[in-house]
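Trainee: Here it is: the structure, laid out below.
Nothing in this text is a laboratory measurement; each read-out follows from the coordinates by a stated rule. Only a predicted model underlies this, so the values are computations on that prediction, with no experimental measurement involved. Neighbour counts run over all protein chains shown; Cβ positions are idealised from the backbone, glycine included.
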Amino acid sequence: MRILLLVVYYLPSTTSSAKLMSDLAMEFQRLGHEVLVAAPDETTLHDTEISEENGIRVLRVRTGKIKTAARWVRGINEARLSDLMWKKGRHFFESHPCDLIVYYSPTIFFGSLVKRLKRRFRCPSYLILRDLFPQWAVDAGILRKGLVHSYLKMKERQHHEAADVIGVQSPANLDYFRDNGLDRKYRLEVLYNWTTLNEEKIVPGAYRKDLGLQGKVVFFYGGNIGVAQDVDNILRLAIRLQDEPTAYFLIVGDGSEVPRLKAAIAEKGLTNIALHPAVGQREYLSMLSEFDIGLISLDRGFKTQNFPGKMLGYMYFAMPMLASINPGNDLQTILEAREAGLVCINGDDEQFAALARRLLADAGLRDRLGRNARTLLESTFSVSGAAGQILAHFGGKR
């Protein structure tokens, strides 16, 4: 089959979703399929750029800023994605008719493009749904119900209705659809996040030395730094652990909250936490391999659930996880059942600090949880399992 992947981020983007979809593309290719990728890109010099990357043809379409833009700018640019992708990429799409479309959310604005392509190619589509937007924005208090909310709900419906099958990332997400009376409208299944289990050899760098972190136990957070992640949660943890001389918090990435967090760290005079700019994927993995504990933070107000993509990197390198998440998130169940990390509810700052101190003080506990995390990755979050699950719906190879 010829499979088209529609994504917002693709390598060399440092977002976890870019790595996720690159791994899936490579696995589809390994199974003998021809793979195309189409993605918006704010950095290209021309309307479109086409490249061959590891045997995969990649179309990048010039758009406005998305990841680093202010919310209202990002909203406008995302709302135009389907029209821009079609207008600028039409020749590419029409000259590469596909047999299957696999598209990724976030964003909720690929629906009209997917419907257009399905009509032209008479092919099915699979939605990898990783973001229940706009509901999470309402839960987090950054979006009120009104005209904008109604418009976004309409685009969400369009986005979902374009899919023959929707893969959500956790059992709790199925509950969301059921509770909203949508479980009979859409064909749904749980599709866990994934990663390759055969990364090219990662050569550790000298980040611990270069950053002056010898003798430190480094709590590492990597990825998007936005509202949904509530990175203030990590800031509060760093404040509580100022009395622990070996504890250090390293946050690597970019996003809308970076300027504010930098200002807050400076204002409070914190010396046990640092923000580091986003790095390339290989450099990120090399950095990740050097540090000790993987941090997960999710806004307490969320009523929808997700398994952050960053945890895949943590598990790959056998890092124990320390998670502060929203109530009811079944990430807690899986991490605790498999003894792969310590978990509390966001807002219980005392418990978050107590769990951090446990990990800080006990190298044996860190080692045991880390080894269990790697085992969990191998049993539940492999890219071969994800690719096979998607293709099984459409007659492809498992």
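Trainee: Test of understanding: in a Gaussian network model of the chain with alpha carbons linked when under 10 Å, which of Gly32, Gly141, Gly328 would top the mean-square fluctuation ranking?
Mentor: Checking each option, the largest mean-square fluctuation is seen for Gly141.
Trainee: As a footprinting exposure proxy, order Trp72, Trp86 by other Cβ within 10 Å, with the fewest listed first.
Mentor: By the 10 Å Cβ count, ascending, the order reads Trp72, Trp86.
Trainee: Ratio to report: Rg/Rh of the chain, with Cα atoms as the point set and Rh obtained by the Kirkwood method; give two decimals.
Mentor: 0.95
Trainee: Still on this structure, please answer the following. Residue by residue through the stretch 356-366, which ³J(HN,Hα) values in whole Hz follow from phi under the Karplus form 6.51 cos²θ - 1.76 cosθ + 1.60 (θ = phi - 60°), with glycine and proline marked x?
Mentor: In residue order, the calculated couplings are 4, 5, 4, 5, 4, 8, 10, 5, x, 5, 4 Hz.
Trainee: How much length is gained if the chain between Lys209 and Thr271 is pulled fully straight, taking 0.36 nm per residue apart and subtracting their Cα-Cα distance, in nm to one decimal?
Mentor: 20.7 nm
Trainee: Taking a cut-off of 20 Å, what percent of all Cα-Cα pairs in the stretch 207-380 are separated by more than that?
Mentor: 49 percent
Trainee: Can I ask one more? With axes computed from alpha carbons, what is the tilt in degrees of helix 147-161 against the longest principal axis of the chain, rounded to the nearest 10 within 0 to 90?
Mentor: Roughly 70 degrees between the two axes.
Trainee: With respect to the cross-link table entries Lys65/Lys145; Lys115/Lys310; Lys118/Lys155; Lys153/Lys185; Lys216/Lys310, which display a Cα-Cα separation exceeding 19 Å?
Mentor: Lys65/Lys145; Lys115/Lys310; Lys216/Lys310
Trainee: Let me ask something additional. What is the ratio of the Cα radius of gyration of the stretch 221-310 to 2.2 N^0.38 Å, with N the residue count, to two decimals?
Mentor: For the stretch 221-310, the normalised Cα radius of gyration comes out at 1.08.
Trainee: According to the square roots a ≥ b ≥ c of the eigenvalues of the Cα gyration tensor, what is the shape class of the stretch 173-289, taking rounded for a/c under 1.5, prolate for a/b larger than b/c otherwise, and oblate for the remainder?
Mentor: oblate
Trainee: To continue, here is another question. Could you work out the percent of alpha carbon pairs in the stretch 74-129 separated by over 16 Å, rounded to a whole number?
Mentor: Distances greater than 16 Å cover 42 percent of the Cα pairs.
Trainee: At 7 Å along the Cα-to-beta-carbon direction for both Arg90 and Arg282, put a label point, then send me their distance in nm to one decimal.
Mentor: 3.9 nm
Trainee: Report, in whole Å, the centroid distance computed from the Cα atoms of the stretch 93-149 and the stretch 264-334.
Mentor: Each part's Cα centre sits 26 Å from the other's.
Trainee: When averaged across all projection directions, what area in nm² does the alpha-carbon convex hull of the stretch 299-353 cover?
Mentor: If I average the Cα hull's projected area over directions, I get 3.7 nm².
Trainee: Further question: Please sort by residue number the GluC sites (Glu not before Pro) in the stretch 1-110 whose DSSP state is loop and whose Cβ has at most 16 other Cβ atoms within 10 Å.
Mentor: Sites meeting the loop and neighbour criteria: Glu42.
Trainee: Label-point separation (nm) for Arg178 and Ala363, each offset 7 Å from Cα along Cα-to-Cβ?
Mentor: With each label point 7 Å from Cα toward Cβ, the separation is 4.6 nm.
Trainee: May I pose another question? Most exposed first by the Cβ proxy, i.e. fewest other Cβ within 10 Å, how do Thr15, Thr271 rank?
Mentor: Thr271, Thr15
Trainee: Can you give the Rg to Rh ratio for the stretch 170-221, taking only C-alpha atoms and Rh from Kirkwood?
Mentor: Using only Cα positions, Rg/Rh for the stretch 170-221 is 1.33.
Trainee: In deg cm²/dmol and to the nearest 500, what is the mean residue ellipticity at 222 nm of the chain if only DSSP H runs of at least 4 residues count, each as -39500 (n - 2.57), divided by the residue total?
Mentor: Helix contribution divided over all residues of the chain: -12500 deg cm²/dmol.
Trainee: Taking amide H atoms as placed 1.01 Å from N in the peptide plane, list the residues 5 or more away in sequence, or in a different chain, whose amide H sits under 5 Å from that of Val35.
Mentor: Ile3, Arg57
Trainee: Let me ask you something else. Can you tell me the length gained on complete extension of the stretch Arg371 to Glu350, counting 0.36 nm per residue apart and subtracting the Cα distance?
Mentor: That works out to 4.9 nm of additional length.
Trainee: If you don't mind, there's one more thing I want to ask. Using alpha carbons only, what's the Rg to Rh ratio of the stretch 2-87 with Rh from Kirkwood?
Mentor: Checking Rg against Rh, the ratio lands at 0.98.
Trainee: For a protection proxy built on the mean count of beta-carbon atoms within 10 angstrom, sort 352-360, 160-168 highest first, please.
Mentor: Ranked from most to least packed, the peptides come out as 160-168, 352-360.
Trainee: Here's a follow-up. Name the residue farthest towards the positive end of the dipole of the stretch 212-254 from the options Gln229, Leu250, Val217, assuming +1 on Cβ of Lys and Arg, -1 on Cβ of Asp and Glu, about the Cα centre.
Mentor: My answer, from the dipole projection, is Val217.
Trainee: Please work out how much length the chain gains when fully extended from Arg260 to Glu49, using 0.36 nm per residue of separation minus the C-alpha to C-alpha distance, in nm with one decimal.
Mentor: Stretched out fully, the Arg260 to Glu49 stretch lengthens by 72.5 nm.
Trainee: Relative contact order, percent, of the chain when contacts are C-alpha pairs under 8 Å separated by at least 6 residues?
Mentor: 15 percent
Trainee: Next question, about the same structure. Dipole of the chain, Cα-centred, from +1 at each Lys and Arg C-beta and -1 at each Asp and Glu C-beta, to the nearest 20 debye?
Mentor: 1200 debye
Trainee: Please list the three semi-axes, largest first and in whole Å, of the ellipsoid equivalent to the stretch 245-291, using sqrt of 5 times the eigenvalues of its alpha carbon gyration tensor.
Mentor: Working from the Cα gyration tensor, I get semi-axes of 21, 16, 5 Å.
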